[in-house]
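For reference, the structure is listed below as structure tokens.
None of the figures in this text is laboratory data; all of them are computed from the coordinates on show. Note that this is a predicted model, so its numbers are computed, not measured. Reconstructed Cβ throughout: ideal geometry from the backbone, glycine too, with neighbour counts over all protein chains shown.
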Amino acid sequence: MFKEFPEGFLWGGATAANQLEGGFNLGGKGLSTSDMIPYIPKEERDGDNSVHITSEQYNQALNDPTNGNYPKRWGVDFYHRYKEDIALFGEMGFKSFRLSISWPRIFPNGDDLTPNEEGLAFYDAVFDELLKYNIEPVVTLSHYEMPVALIERYNGWTDRRLVDFFVKYAETVFNRYKNKVKYWLTFNEINAIALAPYNAGGLLHDRHENMEQSIYQALHHQFIASALTVKACREIIPGAQIGCMLARLETYPETCNPEDVLKTLQAEQMNFFYTDVQVRGKYPNYMNRFFKENGISLHLEPGDEEILLENTVDFISFSYYMSLVESAGPQGERAPGNLFSGLKNPYLESSDWGWQIDPIGLRVTLNKLYDRYQVPLFVVENGLGAIDTINENGQIEDDYRIDYLRKHFIQMREAIEDGVEVMGYTSWGCIDIISVSTSEVSKRYGFIYVDVDDLGQGTFERSKKKSFNWYKEVIKSNGTNL
Ligand code: BG6
């Protein structure tokens, strides 16, 4: 028997519209940036990262109205099967379900004068279904997608006008769902924009003369949009809680050489920069040096500093998949992640995709974030992407996934014992979905298996993996039975 988790702990699962829903051209939805990303087989791709599309790929996709080979266009068909999926989440006893609203489903072009009623009605139905099973929706407003029209007309987030469009979208959904949704997140992994400017900011390489400059200007606009969204949320839904979302990169020095320690501190600052702005309400001083040394000059409008200071978030949500290692010396073999990578850590095992598994790192990171900010934390992404095979009895015995999760839960419980306030845990891809980095579905995270392959062939039927009943028991026992 393990120690019980706090009462009301929000156990659940997490997804994103563009990786889950499908129905890319249904219900009046506009094209999304994620609809443009093709599936490229492993042998043909350069590394495991398909979020950096070229302008040629983008233009080709823009003119292709079919499903093509764009897996995020078909997802796993949650658009038609949400009732069945939510019933399975209910059976597992989920207390929460993290999903995102697809911005182009609500405002097909991003700058439309009125929202798309069919899109709004779809999420009404989804939230009603969740509430039927007493599952709290945890809603991300922007998870790696935006209407492509905002690239065509404004060149993405470098244009200040996107702030107004985003806030209008946020206010629209707050007003519509104020009686249904209490937990909101603004931008998924807001730090991703530095490495995935297209995915996270709608920035295409050949349309920006100085990409570094464009990235940080776009990010500033997202910070402002996020802060104004926090303000709107408080005004429209009293009692709601709204958080930021960070891809947390717990980083260790390779040795105790002070050079390595300094390099690690700097890497950590580049990760904390985002939460420093969103939780403390201002740009940290160390960024002045970074901007100066990299020739970046941000344009702030009068009042921006006040907006950031007055509208900080209620809690921090974050993803945690692995820890990284930094060295100031010669760079050895690297271990990948989806966007970020670090040096190989000889003490850790890796997933099928080479991601280094570090449950203790979760405890370290929870403590570090809580020490620094003293606000509640929500682990909204964590999990194991693996190749699942169906055995001769027609079962998926995913003991490796159970083992991964169990070890992380033990460390999360230890962090709570250390005094960290943790609101909940939503396991990434609780049902198999399309991978953000490789656009594969064969990189599976779920408790629920979906019968579809990387080319979109299959019945899309759902079945339970061994981890399904295990997680159900974890939730039922509130973490005492792992
Ligand atoms: C996070 C993203 O970075 O990692 C998710 O927020 C993503 O959208 C998840 O799916 C896992 O990454 P991948 O590349 O395995 O899908």
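Below, the figures for the structure above:
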quantity	calculated
FRET E, pair Phe2, Leu300, Förster distance 35 Å, beta-carbon r, rounded to 0.05	0.10
Given charges at Cβ of Lys, Arg, Asp, Glu: the chain dipole, positive-most of Ile106, Gly68, Ile242	Ile242
Order of Lys72, Lys282, Lys180 under a 10 Å beta carbon neighbour criterion, fewest first	Lys282, Lys180, Lys72
Hull volume in cubic angstrom per residue (convex hull over the Cα atoms of segment 140-185)	76 Å³
Other-chain or far-sequence residues with amide H under 5 Å of Glu136's (modelled H)	Ser96, Phe97
Order of Trp353, Trp157 under a 10 Å beta carbon neighbour criterion, fewest first	Trp353, Trp157
Net charge dipole size for the chain [Lys, Arg +1 and Asp, Glu -1 on Cβ; Debye, nearest 20]	920 debye
Burial order of peptide ranges 207-215, 193-201 (average beta-carbon count within 10 Å, highest first)	193-201, 207-215
P(r) histogram, all alpha-carbon pairs of segment 189-344 included - 10 Å bins from 0, percent	10, 34, 36, 16, 3, 0
Distant-in-sequence amide H partners of Glu250 (H built 1.01 Å from N, under 5 Å)	Leu324
Spatial separation of Cα centroids for segment 148-175 and segment 113-133, in angstrom	20 Å
Spatially proximal aspartates and glutamates relative to Lys42 (Cα-Cα < 15 Å; intrachain offsets below 8 disregarded)	Asp352, Glu440, Asp453, Asp454
Largest to smallest principal axis extent of the C-alpha atoms in segment 154-217, angstrom	45, 21, 14
Residue exposure sequence - Asp432, Asp260 - by fewest surrounding Cβ within 10 Å	Asp260, Asp432
Amide H within-cut-off set for Ser142, under 5 Å, with H built and near neighbours excluded	Asn188
Proximal lysines to Lys472, defined as alpha-carbon separation beneath 21 angstrom and excluding residues fewer than eight positions away on the same chain	Lys3, Lys83, Lys95, Lys132, Lys407, Lys464
In Å, descending, principal axis extents of the Cα set of segment 10-476	61, 56, 48
